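**Student:** Have a look at this one before I ask anything.
What follows is calculated from the coordinates using simple rules that are stated; it is not laboratory data. Not measured: the values here are computed from a predicted model. Because the Cβ atoms are built from the backbone with ideal geometry, glycine has one as well, and the counts that use them run over all protein chains shown.
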Amino acid sequence: MHWDKLNEECAVFGISVNTNEAAGIAYNGLMALQHRGQEAAGIAVLSDNLILYHKNMGLVSEVFSGKVLEKLPKSNLAVGHTRYSASGFNTKKNIQPFVNDFMIGRTATVHNGNITNAKEIRESLQKYGLHFETESGSEVVSSLIAYNTMKVENILEATINAVSTLEGAFSLIILSHENKLIAVRDSDGFRPLCIGENEFGMVVASESCAVESCGFKFVRNVEPGEIVVIEDGKIVSSHFFQKSDKKLGICIFEYVYFARPDSIIDNLSVYEARLNMGRMLAKEHPVDADVVCGVPDSGLEAASGYALESGLPLVPGFVKNRYIGRSFIFPTQSQREDAVRIKLNPLTASVDGKRVVLVDDSIVRGTTSAKIIKTLKNAGATEVHMRISSPPFKYVCNFGTDIDSAENLIANKMTLDEIGKQIGADSLGFISLDGLKKACEGCTLPFCSACFTGDK
């Protein structure tokens, strides 16, 4: 886990317009969604009844550097994807979109989430002679849709049949040779998916920030259990393959960390939710201090809320080096151990001689928190009081984040007092789950908070 943070699996983007600039707009959309995945990127377009694509390891700007993007054919339909992968699965074979060529047509599929019954579906499809190149659940989804399309010869019916058998979390966008774009969200709405439009057509994206960044106006969310069919830049039909049973809901960590603060997800502003988290933290865990600062970038909005509620001044505690890319190399072990300071350098003028409230979104293993607190104290902070805008993580997530083992979570090894001592904080406070949910009031869906409670 880079920087001791949770990572989200990926982002999806699709576009149907009446111009031939779909690939370029998809590129811009993926740039706006880069925060959801920095390992790999890909774009597929429909051209003369063929689906052509380019995908590779790296950031969006690296994968489509130079004239690579220009080599994709001019098209009015495209899908794109950015990927974050857990250790061991970061290979070129797993990069999306997954493109299927079959007897009666072609599809390109992008997926965000995790299919919990992917193994069983893969084994059943293998009996029919389907070959798989990866262990990715996303490839299973793509192949399942292609297989059903061969059976029923109708992409919508095939999609309904396919997704009705899936279990887990999935936001899907499917590009079909029939000049259709199909958007699907699982019945719990675990991962976000929204629709935007302008005079040229429509886009579908993981977050509204990508819709707006590409010059489109947010229209609505894809509802849980809904399949939306877009053709020639317009919605031509909407179908519900399964109604939500309200057991889960959207991952609450979308509001804590995953989403960009300028996004609105299921009727709730991410920025306002994080501001409210900070206010709630100040109510639940007040402390005598001089200043408040947030850990860039994920703790900044909550730090603002803490300052507003507490009346303490908000100061910048760090200067972030924005020119360190994902492939930054630390030549020696000592430099690797000091990587946090290379990325975040304390602003001594703000913290020297001060009692500091330090706000961040989470503590997973504690290693980064300890280094950040140490840098503040080395810069002259007399006290550092850590405040966290999510409850302690205790459980593995099965739906698309990279908590791979409960044994790696510090909250399962230590009490809160022990965690505070381990990271060097003078005090430590986590927002309560009730406080977090209250901060996120206004969302139109229930929340999944299983990583905090273990409830599935």
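**Student:** 222 nm [θ] for the chain, helices only, -39500 (n - 2.57) per DSSP H run of 4+, per residue, to 500?
**Tutor:** Mean residue ellipticity at 222 nm (helix-derived): -7500 deg cm²/dmol.
**Student:** Can I ask one more? Compare the Cα positions of Pro392, Ile372, Leu275 along the charge dipole of segment 269-453 (+1 at Cβ of Lys, Arg; -1 at Cβ of Asp, Glu; about the Cα centre) and return the one farthest towards the positive end.
**Tutor:** Ile372
**Student:** Output the pairs from Lys92/Lys151; Lys93/Lys119; Lys67/Lys151 with a Cα-Cα distance over 28 Å in this structure; if there are none, say none.
**Tutor:** With Cα atoms farther than 28 Å apart: Lys92/Lys151; Lys67/Lys151.
**Student:** Greater than 27 Å separation of Cα atoms is the criterion. Which listed pairs, Lys413/Lys437; Lys320/Lys394; Lys354/Lys394; Lys74/Lys320, meet it?
**Tutor:** Lys320/Lys394; Lys354/Lys394; Lys74/Lys320
**Student:** Just the number, please: percent antiparallel of the DSSP beta bridges in the chain, rounded to the nearest 5.
**Tutor:** Percent antiparallel among DSSP bridges in the chain is about 80.
**Student:** Under 19 Å Cα to Cα from Lys438, which lysines show up? Leave out anything in the same chain fewer than 8 places away.
**Tutor:** The reachable lysines, counting only those whose Cα sits under 19 Å from Lys438, are Lys246, Lys247, Lys283.
**Student:** Output the peptides 180-188, 359-367 sorted from most to least packed, where packing is the average of other Cβ atoms within 10 Å over each peptide's residues.
**Tutor:** Packing proxy ranking, top to bottom: 180-188, 359-367.
**Student:** Rank by packing, highest mean first: peptides 96-108, 381-393, 230-242, with packing defined as the count of other Cβ atoms within 10 Å averaged across residues.
**Tutor:** So the order, starting with the most tightly packed, is 381-393, 96-108, 230-242.
**Student:** Check Phe240: other-chain or 5+ apart residues with amide H under 5 Å from its amide H, H built from backbone geometry?
**Tutor:** For Phe240, the qualifying residues are Ile227.
**Student:** Hey, another quick one. Provide the per-residue ³J(HN,Hα) series for segment 297-312, in order, calculated from phi with Karplus coefficients 6.51, -1.76, 1.60 and θ = phi - 60°, each as a whole number of Hz, with x at glycine and proline positions.
**Tutor:** Rounded to whole hertz, the list is 9, 6, x, 5, 5, 5, 5, 4, x, 4, 5, 4, 6, 8, x, 7.
**Student:** Moving to a separate point now. So how strong a dipole does the chain carry about its Cα centre when Lys and Arg Cβ are +1 and Asp and Glu Cβ are -1, to the nearest 20 debye?
**Tutor:** 760 debye
**Student:** Please name which of Gly66, Gly442, Ala44 has its Cα lying farthest along the dipole of the chain towards the positive end, using unit charges on Cβ (Lys, Arg +1; Asp, Glu -1) and the Cα centre as origin.
**Tutor:** Of the options given, the answer is Gly66.
**Student:** Students often check this: by mean Cβ neighbours within 10 Å, which of 112-124, 159-171 ranks highest, and how do the rest follow?
**Tutor:** Packing order, densest peptide first, comes out as 159-171, 112-124.
**Student:** Continuing with this model, one more query. Identify which of the listed values of semi-axes √(5λ) of the Cα gyration tensor in Å was calculated from the structure shown: (1) 40, 22, 21; (2) 43, 27, 22; (3) 44, 21, 18.
**Tutor:** Matching the structure shown: (1).
**Student:** Estimate the FRET efficiency between His54 and Lys438 by the formula 1/(1 + (r/R0)^6), using the beta-carbon distance for r and 45 Å for R0, to the nearest 0.05.
**Tutor:** It comes out at approximately 0.50.
**Student:** Let me ask something else. Over the chain, what is the relative contact order in whole percent, taking alpha-carbon pairs under 8 Å and six or more residues apart?
**Tutor:** Once divided by the residue count of the chain, the mean separation gives 14 percent.
**Student:** Computed FRET efficiency, Cβ-Cβ of Ser65 and Asp288, R0 60 Å: what is it to the nearest 0.05?
**Tutor:** So the FRET efficiency works out to roughly 0.70.
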